[in-house]
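Following: one structure in structure tokens, then a few remarks.
The values are calculated or read from the model by the stated rules, or taken from the named source; none is laboratory data. Source: prediction; values computed, not measured. Positions of Cβ are backbone-derived with ideal geometry, glycine not excepted, and every protein chain shown enters the neighbour counts. Only protein heavy atoms, including side chains, enter the accessible area calculation; ligands, DNA and RNA are left aside. Shrake-Rupley method; radii C 1.70, N 1.55, O 1.52, S 1.80 Å.
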Amino acid sequence: MPACGALIGALSAIGHAATAEAWRDARQMVVVVTDGWNADRGSLQAFAREGDGRWRPVGAPAPVTIGQHGAAWGLGLAATHPADGPLKREGDGRSPAGVFRIGMAFGYAPRADTALPYRALGADDWCVDVGTSPHYNRIVDAAVVGKAAVAGASEPMRRDLHFAGDQRYRLGFVIEHNAQQRPNAGSCIFAHLWAAPDDATVGCTAMAADTMRRLLAWLKPQKRPVFVLLPRRTYAALQADWQLPVLKDDR
């Protein structure tokens, strides 16, 4: 493995190419850092910035789990991928790394305490993870698009109805990885509830219900919130160029 200084040098040109312009309008940021590309858990911290442009922490860090195989560079607001980690692929069991817009919230209840657009999930709602489908990486209502349109999909959104009461999607929000629907680049990436603190995911970020409720109540669409996930060493190498918050070591 290269020394941290070498890593910073290797990422420097990439960092300048993928400038913070793409998320310059963000006033809220949810940051997840992990101990390496293959780590399946990490720490989440929320940040806000006002007129002076400085990121300030909001609340205390909280534990999260991510993909069972760790993280891989995803398709988000950063225009290019540094070469120090894998690239996200459909079915790889890795959570996308990078900077991503936060999309709509969703859940099993008719409404939730959030200012984000909210989708009350129904029994026919699916997220399509079939790379050849025109609905790839989209949540659709099978009653509207037709059962054939979700054939082969493995992501029913009402997991409680399909998987013996599973509560993971009882509350969550969309992490807008691969918004352009590039085939097989990864789909259906969410922040959602965990079943247990050691429950890794197949590519999402999972957390305790209290953490999720606090985030959803705090997030405001007019503040253009973004979600960041990176290994700590890569985060440190890109922090200045990407104008990310300075992190305290909470380990």
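Out of the residues in the range 175-191 that are in a loop (DSSP other than H, G, I, E, B) and open to solvent by less than 50 Å² (accessible area, probe 1.4 Å), state the one that is nearest to Met207 (Cα to Cα).
Restricting to residues being in a loop (DSSP other than H, G, I, E, B) and open to solvent by less than 50 Å² (accessible area, probe 1.4 Å), the top hit is Ile189.
Name the residues in the range 85-115 that are among the charged types (D, E, K, R), surrounded by fewer than 23 Cβ atoms within 10 Å (Cβ to Cβ) and in contact with a Phe, Trp or Tyr (Cβ under 8 Å, 6 or more places away or on another chain), would you?
Arg101, Arg111
Could you grab me the full set of residues in the range 77-122 that are among the β-branched types (Val, Ile, Thr) and closer than 16 Å to Thr205 by Cα?
Those that are among the β-branched types (Val, Ile, Thr) and closer than 16 Å to Thr205 by Cα: Val99, Ile102.
For the structure I just gave you, tell me whether Asp160 is charged (D, E, K, R) and farther than 30 Å from Leu244 by Cβ.
Judged against the criteria, Asp160 is a match.
How many of the residues in the range 159-174 are buried (at least 19 other Cβ atoms within 10 Å of the Cβ) and in a loop (DSSP other than H, G, I, E, B)?
So the count comes out to 2.
Checking Val202 against (1) buried (at least 20 other Cβ atoms within 10 Å of the Cβ); (2) closer than 18 Å to Lys88 by Cα; (3) β-branched (Val, Ile, Thr), only one condition comes out false. Which one?
With (1) buried (at least 20 other Cβ atoms within 10 Å of the Cβ); (2) closer than 18 Å to Lys88 by Cα; (3) β-branched (Val, Ile, Thr) applied to Val202, the lone miss is (1).
Note down all Cβ pairs under 8 Å where the first residue falls in the range 162-191 and is within 18 Å of Arg214 (Cβ to Cβ), the second is of a type in the set (Lys, Arg) and open to solvent by 60 Å² or more (accessible area, probe 1.4 Å), and they're at least six residues apart or on different chains.
Leu171/Arg213
Check off (1) in contact (Cβ under 8 Å) with a residue 40 or more places away in the chain; (2) open to solvent by 30 Å² or more (accessible area, probe 1.4 Å) for Asp210 and give me the number that stays unchecked.
If we test Asp210 against (1) in contact (Cβ under 8 Å) with a residue 40 or more places away in the chain; (2) open to solvent by 30 Å² or more (accessible area, probe 1.4 Å), just (1) comes out false.
Which of the numbered conditions does Arg56 fail, given that it passes all the others? Conditions: (1) closer than 21 Å to His177 by Cβ; (2) at pLDDT 85 or above; (3) open to solvent by 40 Å² or more (accessible area, probe 1.4 Å).
Unmet for Arg56, out of (1) closer than 21 Å to His177 by Cβ; (2) at pLDDT 85 or above; (3) open to solvent by 40 Å² or more (accessible area, probe 1.4 Å): (1).
Which residues, counting only those in the range 116-136, are under 22 Å from Leu215 (Cβ atoms), of a type outside the set (Ser, Thr, Tyr) and surrounded by 15 or more Cβ atoms within 10 Å (Cβ to Cβ)?
Within the range 116-136, Leu116, Arg119, Leu121, Asp125, Cys127 qualify.
Just to verify a result, which residue in the range 29-55, among those that are touching a residue at least 12 places away in the same chain (Cβ under 8 Å) and of a type in the set (Lys, Arg), is farthest from Pro86 (Cα to Cα)?
Out of the qualifying residues, it is Arg49.
In the range 53-78, how many are in a loop (DSSP other than H, G, I, E, B) and either within 19 Å of Ala22 (Cβ to Cβ) or of a type in the set (A, V, I, L, M, F, W, C) (or both)?
Counting residues in the range 53-78 that are in a loop (DSSP other than H, G, I, E, B) and either within 19 Å of Ala22 (Cβ to Cβ) or of a type in the set (A, V, I, L, M, F, W, C) (or both) gives 7.
Being β-branched (Val, Ile, Thr) and either surrounded by fewer than 16 Cβ atoms within 10 Å (Cβ to Cβ) or modelled with pLDDT of 95 or more (or both) is the filter here, so list the residues in the range 221-251 that pass it.
Val226, Val228, Val246
Using the structure shown, decide if Val144 is more than 20 Å from Asp160 (Cβ to Cβ), modelled with pLDDT of 95 or more and open to solvent by 50 Å² or more (accessible area, probe 1.4 Å).
Yes; evaluated as a whole, the condition is true for this residue.
So how many residues does the range 203-236 have that are in contact with a His (Cβ under 9 Å, 6 or more places away or on another chain) and not in a strand (DSSP E or B)?
Number of matching residues: 3.
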